[in-house]
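Q: Just dropping this structure here.
The values are calculated or read from the model by the stated rules, or taken from the named source; none is laboratory data. Computed from a prediction, not measured in an experiment: that's the story for all the values here. Please note: Cβ atoms are built from the backbone with ideal geometry, for glycine as well, and neighbour counts cover all protein chains shown. Keep in mind that these areas ignore ligands, DNA and RNA; they rest on the heavy atoms of the full protein, side chains included. Shrake-Rupley method; radii C 1.70, N 1.55, O 1.52, S 1.80 Å.
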Amino acid sequence: MLNIPTQSFPAPSSQQRVAPSGQSGRNKVALKPGHSLMDWIRFAKSGKDLTGLRGRLIEVTEEELQKHNTREDCWTCIRGMVYNVSPYMDYHPGGEEELMKAAGIDGTELFDQVHRWVNYESMLKECLVGRMATKPAAALKAALAPPSPTSLAPPTSLAPPPEKDSRPRYDWFQTDVSVHLVVYAKRKIPSSGCTVADLEAGALRLEVQLGKMSYLIHLRLSEEVEGSVAVHTAHSVGKIQVSIRKQAKGKWTSLGQPLDSHNTFLRQKDRAVFYRDCVLQSRTEVNYNTHLFRLRLPRGAVMNVPVGKHVYLKALVQDTEVVRPYTPVDQTLSAAPQVPAQDSDLYLMIKVYPDGALTPHLNSLHVGDRLSVSGPEGTFSVRALRDITHLYLLAAGTGLTPMARIIGLSLQEAPPGSVGRRTGLLFFNRREEDILWRSQLDQLAAECESFQVEHVLSEPSESWSGRRGRVDRSMLTDFLERPDGARCFVCVCGPAAFTQLTMELLKQLGLSEEEVHAFQG
């Protein structure tokens, strides 16, 4: 019997569901009725033979893999494991065409380009054919690989850093009662916060996100410490200090022993997603099908999610790990500066779908229950808002979530000395009762002269006096005012069909890729 190795979840690094300016992430297709994720989970557990091998696991040669390259007989390899994905074709949100690109070949790279965050091992475990046969040359290379370091070593890089000698470094110092780790980023650090610290059972994990790069410190501390962590950042000089109190007074002879991926500097998309267990503090109704979930980080965790970034929630549903991205919001919608606290809670606005893969589980949680939450993910950068005079936000449904904090930031950071940057939200919903945070949006618009919100309903009541219909060219032309000399930027978020159509319309209106950012949900 083959010894199938356990793969870490999720696959190393997380593919951002937020596309770079003007680019779409993955293309979704309309699935047939009865082909949702939950339908797939039920089908996969039906006991049917989805591999055609009657439960056997085999070693697959490259030549054998290449034979299985048709719609009816499609095998693909992901990280050394071979799956028969033919039964999954009709359930794949990206459609048959996307899966067929990896037919009969190693599809790891194609998979990573689109959805590294997906737990394919759990979703496709009933489709597992076996593992790829190891080539002699590869086996010899693995046998001769140098052993892992057993002591603290100089910083290493698993990917070329952006510039020579630009990789961060760290040092540490101590007093009788505390130990302090200092990271020198060698560049300015965004004020929105880019450091995530996790201290649990004597192990310290500190990730510093620097643009597209990630610097990681991961240590088993040499002595026992208190359970909380304090993080202080000097943004202008690129210095981060992490302070931890010792349980017993005295001097340490060393900081600790390195753990997995310690002292590495690599592309963030190549970094494995790390989860910590948060506790549900409260669930507040926003409207009839949407709630505001308040999650508390563990005592030893410090994490401030930058504006425009999202986190992943992970849960076990019917013995299958399900992961979904959600963009945090502030507790309320406000133009007043909200200074992040060391122990700030996480607020997630989540719409519950009765037939959803994850949201019914989330809705069943009680106060005190735990939920696995990732660190910040995403490619959106607040640098895109610099020097612009007009910011337009086009949102549909829960596509409001990334826009909520962008609105607050935009109103706080209008160009100095200016009358004020104009920020406009065009918010699409079906009916009035679907409009999230309507009273807060309308109140903010009444209080801030530079903020405008317009609601558009596709199924309005007879008494509705606002805009009606769906997104179209004439509506966008009317809303997107671009006076001479204006510097505009547009953000789009909503269901896949809404985002795709809106992006096409914006292109027709002459907006460049640099002027548009699409959040892919």
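Q: Efficiency by 1/(1 + (r/R0)^6): what FRET value for Arg296 and Glu224, r their Cβ-Cβ distance, R0 = 25 Å, to the nearest 0.05?
A: 0.55
Q: Same structure, new question: Starting from the Cα of Asp355, step 7 Å toward the Cβ, then list every residue of region 482-511 with an amide N under 20 Å from that point.
A: So the set is 495-498.
Q: At 1.4 Å probe size, with the rest of the protein present, what percent of the exposed accessible area of region 364-453 is carbon and sulfur atoms?
A: Numbers: 1730 of 3730 Å².
Its accessible area is 46 percent carbon and sulfur atoms.
Q: Any chance you could look up the accessible area of Tyr326 with a 1.4 Å probe, heavy atoms only, rounded to 10 Å²?
A: 40
Q: Hey, what's region 403-494 come to in accessible area per residue, 1.4 Å probe, Å²?
A: In whole numbers, region 403-494 has 50 Å² accessible per residue.
Q: Using 0.36 nm times the number of residues separating Arg383 and Ala497, minus their current alpha carbon distance, what extension gain do you get?
A: 38.3 nm
Q: Which whole-angstrom value gives the distance between the alpha carbon centres of region 362-380 and region 90-109?
A: 29
Q: Counting only other residues whose beta carbon sits under 9 Å from that of Ser86, what net charge do I get with K and R as +1, D and E as -1?
A: -1
Q: I need the trypsin sites (Lys or Arg not before Pro) found in region 226-314, filtered to DSSP loop residues with at most 15 other beta carbons within 10 Å of theirs.
A: Within region 226-314, the qualifying trypsin sites (Lys or Arg not before Pro) (loop, at most 15 other Cβ atoms within 10 Å) are Lys249, Lys251, Arg299.
Q: Using only the alpha-carbon atoms of region 426-521, report the extent along each of the three principal axes, biggest first, to the nearest angstrom.
A: Principal extents (largest minus smallest coordinate, Cα): 37, 32, 24 Å.
Q: Here's a follow-up. Order Ser222, Ser86, most accessible first, counting only protein heavy atoms with a 1.4 angstrom probe.
A: Ser222, Ser86
Q: In terms of Cα to Cα distance under 25 Å, which lysines are near enough to Lys269, apart from those fewer than 8 places away along the same chain?
A: Straight-line reach from Lys269, under 25 Å: Lys28, Lys101, Lys125, Lys164, Lys186, Lys188, Lys212, Lys239, Lys309, Lys314.
Q: Taking the Cα centre of region 176-247 as origin and charging only Cβ (+1 Lys, Arg; -1 Asp, Glu), how large is the dipole, in debye to the nearest 20?
A: Roughly 500 debye, rounded to the nearest 20.
Q: So how far apart, in nm, are the two label points at Glu62 and Gln508 if each is 7 Å from Cα heading toward Cβ?
A: Rounded to a tenth, the inter-label distance reads 4.8 nm.
Q: So, one more: Once fully extended, how much extra length lies between Lys45 and Met89, figured as 0.36 nm per residue of separation less the alpha-carbon to alpha-carbon distance?
A: In short, 14.2 nm is gained.
Q: For region 160-308, report the accessible area per residue in Å² (1.4 Å probe, heavy atoms, rounded to an integer).
A: Accessible surface, normalised per residue, equals 46 Å².
Q: Taking the Cβ-Cβ separation of Arg431 and Gln452 as r and a Förster radius of 22 Å, what is the calculated FRET efficiency to the nearest 0.05?
A: Details: r = 22 Å, r/R0 = 0.99.
Given R0 = 22 Å and the Cβ-Cβ separation, E is 0.50.
Q: A further question on this structure: Say each of Arg245 and Ser178 gets a label point 7 Å from the Cα, pointing the same way as Cα to Cβ; how far apart are those two points in nm?
A: Those two pseudo-labels are separated by 1.0 nm.
Q: Over the Cα atoms of region 240-339, what Rg and Dmax result, in angstrom?
A: 18.4, 58
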